[in-house]
Amino acid sequence: MLTFIVKRLVIAVPTLLILILFSFALMFAAPGGPFDSERPLPPEVMANVLERYGLDQPYWKQMFDYVKNVVFHFDFGPSFQYRDRTVNDVIAQGFPVTLTYGAWSVLVAVIVGVSLGVAAALRQNTWLDYLAVGITIGAQALPNFVMAPILVLIFTLWLGWLPGGGWNGGQWDHVIMPVIALSTSYMASIARITRSSMLEILNSNFIRTARAKGLPMRRVIWRHAMKPAMLPVISYVGVAIVGIITGSVVVDVAFSTGGIGQFFVNSAFNRDYAVIMGITVLVGALTILFNLIVDILYAWIDPKIRY
Amino acid sequence: MTQPILSVKDLAVTFETPDGSVNAVKGVSFDVAPGECLGIVGESGSGKSQSALAAMQLLAKNGAATGAIEFAGHDMLAMPQKQLERIRGAKMSMIFQDPLTALTPQLTVGQQMREILEVHEGLRGAAADARCIEWLEKVRIPEAARRMRQYPHELSGGMRQRVMIAMAMLCAPELLLADEPTTALDVTVQAQVLELMDDLRRETNTGIALITHDMGVVARMCQRIIVMRKGEIVEAGEVDQIFYNPQHEYTKMLLASVPRIDQVDRGARPSIDPVAPQDPILKVDDLKVQFPIRMKGGLFGRTKMLRAVDGVSFDLRPGETLGVVGESGCGKSTLARGVLNLIPASHGSVAWLGQDISGWERGKMRGLRKDLQIVFQDPLASLNPRMTIGASIAEPLQLHRRDLSRAERTDKVREMLTNVGLDPNMINRYPHELSGGQNQRVGIARAIITEPKLVICDEAVSALDVSVQAQVIDLLIELQKKMGLTMMFISHDLSVVREVSHRIMVLYLGRVVEYADRDQIYSNATHPYTKALISAVPTPDPKIERAKTRTLLEGDLPSPLDTRAALRFMPSKLVDDPDADQYRPKMVEVAPNHVVAEHDPALGSAGLIAS
Amino acid sequence: MFGTRHAETLTDAPLEAVKGRSLWQDARGRFLRNKAAVTGLIVLIAMTLFALFGGLLAKYEPDFVDFSLMGANAFRGVPSFETGHYFGVDQDGRDLYARVVQGTGISLLVGVVGAFVAVFVGTLYGAVSGYIGGRTDQIMMRIVDILLSIPFMFVLILMLVIFGRSLLMLFIGIGLISWLNMARIARGQTLTIKNKEFVEAAIASGVPTFTIILRHIVPNLAGIVVVYATLLVPEIILFESFVSYLGLGVQEPNTSLGALINLGARQMNNGTLWMLLFPLAFFLTTLFAFFFVGDGLRDALDPKDR
């Protein structure tokens, strides 16, 4: 098991490096620098600015310094747009917000999705099954950027129950809509995968063996069917987490929650490469981390994968 | 007869499918008495498994059973779920066919065994462990305590099936339903498992209902038999009565189809002609095929060579059939592919018509493919599902007979379909519309349409029901007579091999252990492995089976990656290191045309050392 | 378990009873019996026609600004047949009907072209990787693994910011990402087919490698490729809409359904709900139609219970 984790880490490190180098290369391929604007700065001011951001150095040196600072000091450098703040400050402000509603979204998607899927599989071809299948098909076509305006329309404009935006320190009424918007389509997919995987397992030979042993149905399901049925779900949860991180951009835009997504989009409009890169690398690291966790979880459940 | 433990009356099983209702079982009645083994015999689709599942109330969701099933006086069909659960696994248990998929992969053997005791007897902890280990030892699983902590995929097929039996016997059931319990196993392991079940029946007075398609197994195990066909019982009676005085046509046909290891007389059916002494057309010398296998462990793992074929030599004369027998993993299929250059050989030579073809690349081999053909095991998988059978048969012609026009090709294909006993109008059918036997005829047609000199049959009849198997064997023998084919007939089934082969080669872990004329092998086996193999095959004749003294091989086939395994029959020369270079037993000619590998005395063999 | 048994009992029946049908014919039959899938297909055809010819019915060009409505959108720009603005106008006084026609077209175009690129690149990559096997296969698949663990939406936005927003850039970005899963699927399928005995039989008959790939591998790959391509189109439409929703995708005066939803959502507070609801309705209908067709094709071409 330990060698397995080490192996995955060995792959993860170059992946992250490739991501950093790729983003950096992209930035240099860009026509025009971050401080080129309609009204050019005076040459001496420009020189000052370039020096401050290290942009007067040769490319390879800039890249080397950047990688060095990120890897060893976890320092993404100063922001180009927010003149007196570093990228780290920006991330420190936005990340807790993103983490809060992101974590809730993952929990809701997994718990609701799995329960719905299992219930549908156990009551195959009953009204409950049809209802669950109907919900999952419908929710599949409701991605976050569709859900967000619909939720605001219903709960803010029509019913007036929930505030249409803002974060307010993470009060529950500000968290609900972002979480629903983010989790709905993934909840639907998880439910669908759980249902079909559970149905397949319930028809397998070893379930028949377990029943032939005289185990009560509840025990058959919890002990023998649940683990194998969860395997494809776990694989998908990795995908869902990445999707939820990505979707946080939409939520931040739609609900003005002030997570990293909001900074990301603002920076995108203002060509603040430092912030964009910082967030991209952070998200890349998170993606790799969650994929690693998912792989380990998978190996933990499936004894055949253990290396 | 004593009071039956299981009594089935007028059982009918119906499945609701999208294509309408299917009557899998149509009014079947039978009894099983305590301490008795009842054989339920039939070919696939006869409803024999569904009858057993109905008795356990384990039918698939879309299935429904009517009639009466009484177990120890209780009506199983009307029993509430709770009571059913108390009976299943405790008083009535079941063993399934496929040991690979019948155990939960995510739970250890111990977890799966202990829970039975917990549910039925409230037994937990050390007491439960002790009982499980006791039973694992009874079914002769070595290192039982360690096996308890292992997962099913870490055990071999034979071991898993024995775990299944131990699990079924844990609570000392009154009735054991065994659904093809040995079909997925090698013959030597089958012999061990059957022996075990027979002992258990005697010791515990458990009633057994044994479901099988194998008449040999029935003769070995059962006191009474019912023969089923298409959901109905066609004949029922005492074992001797059925075997020696069958009444129903189907039973007679079934018994006539079964190949017998103890005799070559095929009655009215075609049998092979003797071969004229001629120069061999194929000479294989010291052929080795190795695969690199990545081992787990360490950051990058390490590679070991799997010696699938490890120095095999033989020759084939025109019109001759060489039977190659061995258990799974003995390298017989790899040998076939090595001979045809489908897998590169790592050592040795293959001489075809005097020319060494080993190591030829694909392009160079292409010209020879017209003469060298192969028929595969799985009839459906060996045909492209997107091509009509006509197109599949015509493909080799397209390549090797470019002189033929499209119309001529079609004519030849139609003619060939008639030759292999198929309706020429089926030329535009797709493989999934044909039965297994028909598809195998198509595979044979494709192999012989270019009029090849050598045809290799790789387990060509193993996937077929006995009656179909017999027809396909007849076809192969007739084709050989008509076209003068030379054949390599590869099979795990010694009885089938005996019917079609002139000479027989026995493989064990990639090496030849014995190589002789057909009758010589069966009447005068010298190597202990050959002896065990032949003794393990149950004969479809109850009297012979009862009189037989059994030569049982202990344990399972060892891993071919362990070099010690090859010296299993010569432990006197063994170096106890799994990676060491081991002594290589020499081949000794004990009689003209009868070669045997060196071995120590064992299993009724006197031992043989080259002088 | 019972499926195979059933199949065997059927084959015992006299053969004359079975009518000769190809797998494709079988699949077509199964697809046509699936009502949701057929409805989806009809909707898709209608949607395509709408995108191609819907503009002919519009009274206004999509970039024509109706200054007469300026500042009074909320009550004078409402959907109405009298003014010729069937779907009303957008916040800038442009005809929403014409814009929706245009947006539907762009969204479908992006989806279909993106899926085509993905299928072409992915299938080729996967088939080559799978058929060659060995170390080449391992390296090729490791590259896919690495690319898959990069947060592509972020990289794509970075690219759009750096190289400017254009349809071309969007195609390149989407094309770069979407072939990855296709490659994995194609590889897996190639591996299974490669090890089937009928391929070995073809090799044993001396069929040249290229003919084997064309005659024996590709036709058996086709089913799964078609299915995933159909499911990929809505995924790419979603993807594009996501970027456009953030205002980073398609540039004015061009538009897509995602961009229209974004603009509509921003005007929600002004009582001009039609600006959100019309593009949303078209978007959801298209997605549903693709999902149903894709599911229908999967059930028809890849039935597990056969």
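Can you name the residue in the stretch C:11-58 that is of a type in the set (G, A, S) and outside any helix (DSSP H, G or I) and, of all such residues, is modelled with the highest pLDDT? It would help to see each step written out before you state the result.
Step one: filter the stretch C:11-58 for residues of a type in the set (G, A, S), giving C:13, C:17, C:20, C:22, C:27, C:29, C:36-37, C:40, C:46, C:51, C:54-55, C:58.
If we keep only those that are outside any helix (DSSP H, G or I) as well, we get C:13, C:20, C:22, C:58.
Values: C:A13: 33, C:G20: 42, C:S22: 56, C:A58: 74.
Per the criteria, the residue is C:A58.
With the condition kept exactly as written, say whether any residue in the stretch C:277-287 is closer than 22 Å to A:G164 by Cα, touching a residue at least 12 places away in the same chain (Cβ under 8 Å) and open to solvent by less than 20 Å² (accessible area, probe 1.4 Å).
Checked against the condition, which is being closer than 22 Å to A:G164 by Cα, touching a residue at least 12 places away in the same chain (Cβ under 8 Å) and open to solvent by less than 20 Å² (accessible area, probe 1.4 Å), the stretch C:277-287 yields at least one hit.
Can you name the helices (runs of 4 or more DSSP H) wholly within the stretch B:493-611 that have at least 1 residues being crowded, with 19+ Cβ neighbours inside 10 Å and of a type in the set (F, W, Y)? Let's see the steps before the verdict.
Numbers: elements: B:494-500, B:518-523, B:528-536, B:542-547.
Where helices (runs of 4 or more DSSP H) fall fully within the stretch B:493-611 and carry at least 1 residues being crowded, with 19+ Cβ neighbours inside 10 Å and of a type in the set (F, W, Y), they are B:518-523, B:528-536.
Going through the stretch C:267-281 one residue at a time, which ones are in a helix (DSSP H, G or I), aliphatic (A, V, I, L, M) and more than 7 Å from every other protein chain (Cβ to nearest Cβ)? Steps first, answer last, please.
Step one: of the stretch C:267-281, the residues in a helix (DSSP H, G or I) are C:268-270, C:274-281.
With the extra rule that they be aliphatic (A, V, I, L, M), the set shrinks to C:268, C:275-277, C:280-281.
Once the filter is applied, which keeps residues that are in a helix (DSSP H, G or I), aliphatic (A, V, I, L, M) and more than 7 Å from every other protein chain (Cβ to nearest Cβ), the stretch C:267-281 yields C:M275, C:L277, C:A281.
Would you check if B:G390 is of a type in the set (G, A, S) and either within 15 Å of B:G338 (Cα to Cα) or open to solvent by 20 Å² or more (accessible area, probe 1.4 Å) (or both)? Spell out the reasoning first.
On the way: of a type in the set (G, A, S): yes; either within 15 Å of B:G338 (Cα to Cα) or open to solvent by 20 Å² or more (accessible area, probe 1.4 Å) (or both): no.
Judged against the criteria, B:G390 is not a match.
(1) within 22 Å of B:Q471 (Cβ to Cβ); (2) surrounded by fewer than 16 Cβ atoms within 10 Å (Cβ to Cβ): which one isn't true of B:L434, the others all being true?
Answer for B:L434: the failing condition is (2).
Hey, does the stretch C:226-234 have a residue that's within 14 Å of chain B (Cβ to nearest Cβ) and of a type in the set (S, T, N, Q)? Please lay out each step first, then the result.
Pass one, the stretch C:226-234, residues within 14 Å of chain B (Cβ to nearest Cβ): C:226.
From the residues that got through so far, the ones that are of a type in the set (S, T, N, Q) too are none.
No, the stretch C:226-234 contains no residue that is within 14 Å of chain B (Cβ to nearest Cβ) and of a type in the set (S, T, N, Q).
Would you be able to say whether some residue in the stretch C:201-218 is within 30 Å of C:I45 (Cβ to Cβ) and either in a helix (DSSP H, G or I) or touching a helix residue (DSSP H, G or I) at 6+ places or on another chain (Cβ under 8 Å) (or both)?
Taking the stretch C:201-218 first, the residues within 30 Å of C:I45 (Cβ to Cβ) are C:218.
Then keep just the ones that are either in a helix (DSSP H, G or I) or touching a helix residue (DSSP H, G or I) at 6+ places or on another chain (Cβ under 8 Å) (or both); that gives C:218.
Yes; the residues of the stretch C:201-218 include at least one that is within 30 Å of C:I45 (Cβ to Cβ) and either in a helix (DSSP H, G or I) or touching a helix residue (DSSP H, G or I) at 6+ places or on another chain (Cβ under 8 Å) (or both).
Between C:L191, C:L176, which is open to solvent by 30 Å² or more (accessible area, probe 1.4 Å) and within 17 Å of A:G284 (Cβ to Cβ)?
Numbers: C:L191 fails: within 17 Å of A:G284 (Cβ to Cβ).
Result of the check over C:L191, C:L176: C:L176.
Could you check the stretch B:390-436 and list, in sequence order, the residues that are of a type in the set (A, V, I, L, M, F, W, C), more than 9 Å from chain C (Cβ to nearest Cβ) and either part of a loop (DSSP other than H, G, I, E, B) or in contact (Cβ under 8 Å) with a residue 12 or more places away in the chain (or both)?
Answer for the stretch B:390-436, where residues must be of a type in the set (A, V, I, L, M, F, W, C), more than 9 Å from chain C (Cβ to nearest Cβ) and either part of a loop (DSSP other than H, G, I, E, B) or in contact (Cβ under 8 Å) with a residue 12 or more places away in the chain (or both): B:I393, B:A394, B:L397, B:L404, B:V413, B:M416, B:L417, B:V420, B:L422, B:I427.
Do we find a residue being open to solvent by less than 30 Å² (accessible area, probe 1.4 Å), under 13 Å from B:S93 (Cα atoms) and of a type outside the set (G, A, S) anywhere in the stretch B:139-158?
no
Taking the options A:V250, A:V265, A:V239, name whichever one is in a helix (DSSP H, G or I) and buried (at least 23 other Cβ atoms within 10 Å of the Cβ). So that I can check it myself, show each step before the final result.
On the way: A:V265 fails: buried (at least 23 other Cβ atoms within 10 Å of the Cβ); A:V239 fails: buried (at least 23 other Cβ atoms within 10 Å of the Cβ).
So the residue among A:V250, A:V265, A:V239 that is in a helix (DSSP H, G or I) and buried (at least 23 other Cβ atoms within 10 Å of the Cβ) is A:V250.
Count, please, the residues in the stretch C:125-139 that happen to be without any contact (Cβ under 8 Å) to a residue 24 or more places away in the chain and surrounded by 14 or more Cβ atoms within 10 Å (Cβ to Cβ). Explain how you work it out, then say what you get.
Narrowing the stretch C:125-139 to residues without any contact (Cβ under 8 Å) to a residue 24 or more places away in the chain: C:128, C:132, C:134-136, C:138-139.
Keeping just the survivors that are surrounded by 14 or more Cβ atoms within 10 Å (Cβ to Cβ) gives C:128.
Residues meeting the conditions: 1.
Which of the residues belonging to the stretch B:374-385 are within 7 Å of chain C (Cβ to nearest Cβ) and either modelled with pLDDT of 85 or more or open to solvent by 50 Å² or more (accessible area, probe 1.4 Å) (or both)? Talk me through it step by step, then tell me what you get.
Restricting attention to the stretch B:374-385, the residues satisfying the condition of being within 7 Å of chain C (Cβ to nearest Cβ) are B:374, B:376, B:378, B:381-385.
Residues satisfying the conditions are B:I374, B:F376, B:D378, B:S382, B:L383, B:N384.
Considering only the stretch C:89-104, I want to know if a residue exists there that is open to solvent by less than 50 Å² (accessible area, probe 1.4 Å), at positive phi and in contact with a strand residue (DSSP E or B) (Cβ under 6 Å, 6 or more places away or on another chain).
The answer is yes, given that some residue of the stretch C:89-104 is open to solvent by less than 50 Å² (accessible area, probe 1.4 Å), at positive phi and in contact with a strand residue (DSSP E or B) (Cβ under 6 Å, 6 or more places away or on another chain).
Given the structure, is A:V146 under 21 Å from the mean Cα position of the chain (by Cα) and open to solvent by 50 Å² or more (accessible area, probe 1.4 Å)?
Details: under 21 Å from the mean Cα position of the chain (by Cα): yes; open to solvent by 50 Å² or more (accessible area, probe 1.4 Å): no.
So A:V146 does not fit the description; no.
If only one of A:A229, A:A299 is modelled with pLDDT under 85, open to solvent by less than 20 Å² (accessible area, probe 1.4 Å) and of a type in the set (G, A, S), which one is it? Working first, answer last.
Numbers: A:A229 fails: modelled with pLDDT under 85.
Of A:A229, A:A299, the one residue that is modelled with pLDDT under 85, open to solvent by less than 20 Å² (accessible area, probe 1.4 Å) and of a type in the set (G, A, S) is A:A299.
Listed here are the residues, each with its yes/no results for (1) in contact (Cβ under 8 Å) with a residue 24 or more places away in the chain; (2) of a type in the set (D, E, K, R); (3) away from chain B (no Cβ under 14 Å).
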site: A:Y236; (1), (2), (3): yes, no, yes
site: A:V239; (1), (2), (3): no, no, yes
site: A:V250; (1), (2), (3): yes, no, yes
site: A:F255; (1), (2), (3): yes, no, yes
site: A:Q262; (1), (2), (3): yes, no, yes
site: A:Y273; (1), (2), (3): yes, no, yes
site: A:M277; (1), (2), (3): yes, no, yes
site: A:V294; (1), (2), (3): yes, no, yes
site: A:P303; (1), (2), (3): no, no, no
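Could you list all residues from the stretch B:12-40 that are within 14 Å of another protein chain (Cβ to nearest Cβ) and open to solvent by less than 50 Å² (accessible area, probe 1.4 Å)? Give the derivation first.
Here is the first cut: in the stretch B:12-40, the residues within 14 Å of another protein chain (Cβ to nearest Cβ) are B:13-26.
Across the stretch B:12-40, the qualifying residues are B:V13, B:T14, B:F15, B:T17, B:G20, B:V22, B:A24, B:V25.
Which ones in the stretch A:200-226 are in a helix (DSSP H, G or I), within 10 Å of chain B (Cβ to nearest Cβ), surrounded by fewer than 18 Cβ atoms within 10 Å (Cβ to Cβ) and out of contact with any Asp or Glu (no Cβ under 9 Å at 6 or more places or on another chain)?
A:M226
Anything in the stretch B:305-347 that is within 18 Å of B:M365 (Cα to Cα), in contact with a Lys or Arg (Cβ under 9 Å, 6 or more places away or on another chain) and either open to solvent by less than 10 Å² (accessible area, probe 1.4 Å) or among the polar types (S, T, N, Q) (or both)? List them, or say none.
Listed by number, the residues that qualify are B:G338, B:L340, B:N341, B:S346.
Filter the stretch B:70-111 for residues that are touching a helix residue (DSSP H, G or I) at 6+ places or on another chain (Cβ under 7 Å), more than 16 Å from B:L6 (Cβ to Cβ) and more than 8 Å from chain A (Cβ to nearest Cβ) and give the result.
Scanning the stretch B:70-111 gives B:P99, B:L100, B:V109, B:G110.
Pairs please, first residue from the stretch B:236-257 and at pLDDT 90 or above, second anywhere and aromatic (F, W, Y) and not in a loop (DSSP other than H, G, I, E, B), Cβ atoms under 8 Å, 6+ apart in sequence or on different chains.
Close Cβ pairs (under 8 Å, with a partner that is aromatic (F, W, Y) and not in a loop (DSSP other than H, G, I, E, B)) amount to B:A236/B:F30.
Output the residue which, of all residues in the stretch C:235-266 that are at pLDDT 80 or above and touching an Asp or Glu at 6+ places or on another chain (Cβ under 7 Å), is nearest to the other protein chains (Cβ to nearest Cβ).
So the residue we want is C:G258.
Name, by its number, the condition in (1) touching a strand residue (DSSP E or B) at 6+ places or on another chain (Cβ under 7 Å); (2) farther than 26 Å from B:R503 by Cβ that does not hold for B:D458.
(2)
The values are calculated or read from the model by the stated rules, or taken from the named source; none is laboratory data. In this text, all values refer to a predicted model and were calculated from it rather than measured experimentally. Here the Cβ is made from the backbone with ideal geometry for all residues, glycine too, and neighbour counts use every protein chain on show. Only protein heavy atoms, including side chains, enter the accessible area calculation; ligands, DNA and RNA are left aside. Shrake-Rupley method; radii C 1.70, N 1.55, O 1.52, S 1.80 Å.
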